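Asker: Below are the structure tokens for one structure; questions will follow.
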Amino acid sequence: MTNAIGGKLRNLAKVIVAGACLTGLGAPAQANSDIAGKKVVFVPISMGISLTEGWARRMKEHAATFGYSFDVRDAAFNTGSMAELLAKAISEKPDVLVVHNPTVQLLARQIKQAESQGIKVLQLNLQSNQPSSAFVGANWERIGTEIAEDIVKECGAGSGKSGKVAIIPGQLTAADSVMMNDAAFKVFNEHPEINVVSNQASDWEPEKARQITATVLQQNPDLCAIFGHWDVHTIGAGNAVKDAGAEDKVLVYATGGGDTVTCKAVEDKVLDRVWSYDADGQGRDAATMIDLLLQGAKSSDDSMLMVESPLKIIKAGPSYDASLCWKM
């Protein structure tokens, strides 16, 4: 099931990359530049976290500059509430909807509905199975591949280590987890010495990630690496490693928005290596994409417009650079 979803998202990603020629974006003179008074609604999985707060800050800045409204509808990690909030937002007929998909399927029908009614939908960082006008976010397949290759280097043949790895997704059906797992297992399958001993979702909760990790460490005291799919909950996993006194033996990998909390966790030996997609930069890219969508920008073949987030790799040790993290 996961491989099937991953394949579908990879195909979608190809469509997105095809749209990244940005023919429409390269011709702003053909679009209406008067966007004052238009309406944008953002429906995130939850506010109160640096990722979404950072995005919202940048989108609000652009809205204030160009005179369009920007409203946030906070689902507070409640998927049922999120679907209801999105339905209400669609009924209000905004010009652009910005959605942060908790799973690949949950909002698919509503995204299709919004687009059919002329509402442009920008998907932010987590994709749905349903394409829309635009996507801004990380290349999850690349991240999963790069982290898996680094794990093989550190834990695989010739390393003298067990090769045991624990994976902690946020949710198994979230786009990032689907695509990163799919990419990582492709790498691991080429290295039989790598043994994934656990692949349990934390539901994005640090305490649950901590409990999962504590159990895995009890069952596998020679664990070599943990691959967490978001830095916030992976900090819980890293704290479990520290509690077990294993911080010098177990490498803790994560992805994330890369704010100063992430760098503090690296400094404190809670996280070892973080593939950051720079949420502050993503917020600026999302805001620019909104401006362009409001002006009527689109690709030449009506495929999804896409901005892929550049990656910053934050590593503990001699190469550690605190300037790679951003501050709210």
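Asker: Between residue 205 and residue 69, 0.36 nm times their residue separation minus their Cα-Cα distance comes to what?
Answerer: 45.7 nm
Asker: Would you mind giving the three semi-axes, in whole Å and largest first, of the ellipsoid equivalent to segment 104-190 according to its Cα gyration tensor?
Answerer: 35, 11, 8
Asker: Here's another thing I want to ask about it. Of all the accessible heavy-atom surface of segment 186-328, with the other protein chains kept in place and a 1.4 Å probe, what percent is carbon and sulfur?
Answerer: C and S atoms contribute 48 percent here.
Asker: Rg (Å, one decimal) plus Dmax (Å, integer) for the alpha carbons of segment 238-277?
Answerer: In Å, with Rg to one decimal and Dmax whole: 9.8, 30.
Asker: Then there is this: Which pairs in the list 186/249; 161/186; 88/112; 60/264; 60/269 are over 23 Å apart, alpha-carbon to alpha-carbon?
Answerer: 186/249; 60/264; 60/269
Asker: Distance between the C-alpha centers of segment 141-158 and segment 201-277? Whole Å please.
Answerer: 16
Asker: Determine by what factor the alpha-carbon radius of gyration of segment 62-105 differs from 2.2 N^0.38 Å, reporting the quotient.
Answerer: For segment 62-105, the normalised Cα radius of gyration comes out at 1.28.
Asker: Right, another one. Please sort by residue number the GluC sites (Glu not before Pro) in segment 180-256 whose DSSP state is loop and whose Cβ has at most 13 other Cβ atoms within 10 Å.
Answerer: Answer by residue number: 190.
Asker: Just to confirm, what accessible area per residue do you get for the chain at 1.4 Å probe, in whole Å²? Each step should come with its number before you reach the end.
Answerer: Details: 13320 Å² over 328 residues.
Ligands and nucleic acids excluded, the result is 41 Å² per residue.
Asker: Dividing the Cα convex hull volume of segment 265-323 by residue count, how many Å³ per residue is that? Mind showing how you got there, number by number?
Answerer: On the way: hull volume 5.6 nm³, N = 59.
So the per-residue hull volume is 95 Å³.
Asker: What is the dipole size for segment 39-177, taken about its Cα centre, with +1 at each Lys and Arg Cβ and -1 at each Asp and Glu Cβ, in debye to the nearest 20? Don't skip to the end; give the middle numbers.
Answerer: Values: 14 positive and 14 negative charges, 38 e Å.
Dipole size: approximately 180 debye.
Asker: If you don't mind, there's one more thing I want to ask. Angle, helix 140-155 long axis vs. longest principal axis of the chain, Cα atoms, 0 to 90°, nearest 10?
Answerer: 10
Asker: Averaged across orientations, what area in nm² does the convex hull of the alpha carbons in the chain project?
Answerer: Over every viewing direction, the Cα hull of the chain projects on average to 16.2 nm².
Asker: So for the chain, taking the charge dipole from beta-carbon charges (+1 Lys/Arg, -1 Asp/Glu), which of 325, 225, 266 sits furthest toward the positive end?
Answerer: 325
Asker: A follow-up question, please. Could you tell me which of 67, 119, 174 has its Cα farthest along the dipole of the chain towards the positive end, charges placed at Cβ (Lys, Arg +1; Asp, Glu -1), taken about the Cα centre?
Answerer: 119
Asker: Out of every Cα-Cα pair in segment 33-179, what percent are more than 18 Å apart?
Answerer: Taking all Cα-Cα pairs of segment 33-179, the fraction more than 18 Å apart is 61 percent.
Asker: Mind checking the angle between helix 2-19 and the chain's longest principal axis? C-alpha axes, 0 to 90 degrees, to the nearest 10.
Answerer: For helix 2-19, the angle is close to 50 degrees.
Asker: With +1 on each Lys and Arg Cβ and -1 on each Asp and Glu Cβ, how big is the dipole of segment 106-208 about its Cα centre, in debye rounded to the nearest 20?
Answerer: Dipole of segment 106-208, to the nearest 20 debye: 280 debye.
Asker: What ranking do 55-65, 314-324, 77-87 get when scored by the average of other Cβ atoms within 10 Å per residue, highest first?
Answerer: By packing density, highest mean first, the sequence is 55-65, 77-87, 314-324.
Asker: Heavy atoms only, probe 1.4 Å: what % of the accessible area of segment 45-164 goes to carbon and sulfur, would you let me know?
Answerer: Accessible surface attributable to carbon and sulfur in segment 45-164 totals 48 percent.
Asker: Once the cut-off is 19 Å, how many percent of the Cα-Cα pairs in segment 137-251 end up in the long-distance tail?
Answerer: 41
Asker: Moving to a separate point now. Would you work out the charge dipole size for the chain about its Cα centre, treating the Cβ of every Lys and Arg as +1 and the Cβ of every Asp and Glu as -1, and quote it to the nearest 20 debye?
Answerer: Magnitude of the dipole: close to 500 debye.
Asker: Right, next: In Å, what Rg and Dmax follow from the Cα atoms of segment 200-315?
Answerer: My reading of the Cα-based Rg and Dmax gives 17.9, 57 Å.
The values are calculated or read from the model by the stated rules, or taken from the named source; none is laboratory data. For clarity, every value in this text was computed on a predicted model and none was experimentally measured. Neighbour counts run over all protein chains shown; Cβ positions are idealised from the backbone, glycine included. Heavy atoms of the whole protein, side chains included, go into the accessibility calculation; ligands, DNA and RNA do not. Shrake-Rupley method; radii C 1.70, N 1.55, O 1.52, S 1.80 Å.
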